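Following: one structure in structure tokens, then a few remarks.
The values are calculated or read from the model by the stated rules, or taken from the named source; none is laboratory data. Source: prediction; values computed, not measured. Virtual Cβ from ideal backbone geometry, glycine too; neighbours counted across all protein chains shown. Accessible surface areas use protein heavy atoms only, side chains included; no ligands, DNA or RNA. Shrake-Rupley method; radii C 1.70, N 1.55, O 1.52, S 1.80 Å.
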Amino acid sequence: MASCLPSQNENGKGAPRWLSNEGMFTLMFLKHYLNVSDYQLIERFNTDWSLQIFCNRSLAEGELIRDSNLPSRVRSYIANHADLNQLQTVLLNHWKNDIENTHVLSMDATCYESYIRYPTDVKLLWESNQWIYEKLLFRLCKLTGTKRPRNKFIEQKRKQLSYDKLRRKSIKKGKARKKSLLYLLTKGLLHLQDFLNSHPEVNLTSNQYGYIRTIKKVLQQQQYLFDKPGEKVKDRIVSLYKPYVRPIVRGKENKPVEFGMKAHILQTGGIQYFDLMDFNAYNECKRLKISYLKHRILFGQLNQLSADRIYPTNENRRYITSQQIFSNFAKKGPVKLSKPEKALQAELNKDRSTVLEGSFGNHKNNYGLRKIKARGAQNERVWVFFGVMASNAKKLALAKASPPPMQMAA
């Protein structure tokens, strides 16, 4: 895995790294194995010699890592310099000799939610207004000694506070708030542009320009939705600080829409790995052929396949029949399954519904994947990747450590 990152230059400028390439990966595994925050991970690392040995970085007496953002910076470094598909291939090739039943493949999709407040149009518009006025325009006016342009931000701030305190927010009041906030945001962007035109010496950072582009897109989308209620918007932004997050319609009774990354998960021998991680919604049943090819490359022959009811389209049925794969798909037509086939189909259904779907809850409850707190699309992918791989590593380690079953004497 260390070869997937650029080699460390010992003669480079700046302070030396705390961790080697191997130490960066082991730190990521430790975070999800211990299921702790970045700050708690550094606290444990400073006081636990076993974690230091595992990361190949023993601290001297009195030496401490005081940078609690080290795990975040390591995560960003891996996201920018490593290919997750390559890392996954390296791990699975290392584990494949310990994985049983490699001729069986199960697949399903789940959503790993991002750590954002529940999005509403009013909240999104108010956050955009706050950023334009309080975090940028008013600060720039103070730095340059310029008088603030006339605006109604303070008045709208009081109205927003009153609206937030309402226990029941009617559609009529919500529509009135959206109309006021759309007007206020339009004026704010005009005031900001006039200020920048009159003060060419002011240079904004690339992050600030990124936020301005996102806010302009939010204004465009929300104005369209306000003028044409009931319409849909492509690539709808639901978070100002994570503009890559999209609403994923899952159809669950208690949570019909989730906001985060949709992952198509494959399982072989109780070990989960990724086919696709994407923040845009997609139909997982169209990934069956690609998933089959990935399994063939990693594990070889595939004889049995299990998936839920969305997968057995006519195209997928024809494909698995051409590849001579037995599946848990319900039979079409008058042909009935034999008793052994029914038993095998029941076993495939049980493996998918218990082991695979049960692993989703295990990842979210025990490996820090309930709410992804990393910021940045690739950083979130790295977070989820190491959470799932840490679960696999623990499962294989426990299987190796457990004694073999006792055999009855003849």
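Restricting attention to the stretch 65-83, and to residues there that are assigned to a loop (DSSP other than H, G, I, E, B) and among the small types (G, A, S), which single residue is surrounded by the fewest Cβ atoms within 10 Å (Cβ to Cβ)?
Top of the filtered list is S68.
Have a look at Y319, Y292 and point out the one that is in a helix (DSSP H, G or I), among the aromatic types (F, W, Y), open to solvent by 20 Å² or more (accessible area, probe 1.4 Å) and farther than 19 Å from E357 by Cβ.
The unique qualifying residue is Y319.
Can you tell me which residue is farthest from V238 (Cα to Cα) among those in the stretch 257-298 that are in contact with a Phe, Trp or Tyr (Cβ under 8 Å, 6 or more places away or on another chain) and free of Cβ contacts under 8 Å to residues at least 60 places away in the same chain?
Once the filter is applied, the top-ranked residue is K289.
When you check M261 against the structure, is it within 21 Å of F386 (Cα to Cα), aliphatic (A, V, I, L, M) and either open to solvent by less than 20 Å² (accessible area, probe 1.4 Å) or more than 24 Å from the chain's Cα centre (by Cα) (or both), yes or no?
yes
Taking the stretch 96-149 as the region of interest, how many residues are under 18 Å from Y211 (Cβ atoms) and not in a helix (DSSP H, G or I)?
4
Mind telling me which of the residues L105, L41, L51 ends up being under 25 Å from the mean Cα position of the chain (by Cα) and either within 30 Å of R158 (Cβ to Cβ) or free of Cβ contacts under 8 Å to residues at least 40 places away in the same chain (or both)?
L41
In the stretch 148-158, which residues are touching a helix residue (DSSP H, G or I) at 6+ places or on another chain (Cβ under 7 Å) and not aromatic (F, W, Y)?
Residues satisfying the conditions are R148, P149, N151, K152, Q156.
Give me a count of the residues in the stretch 15-64 that are among the aliphatic types (A, V, I, L, M) and crowded, with 16+ Cβ neighbours inside 10 Å.
10
Going through the stretch 205-240 one residue at a time, which ones are without any contact (Cβ under 8 Å) to a residue 12 or more places away in the chain and either part of a loop (DSSP other than H, G, I, E, B) or acidic (D, E) (or both)?
T205, D227, K228, P229, G230, E231, K232, K234
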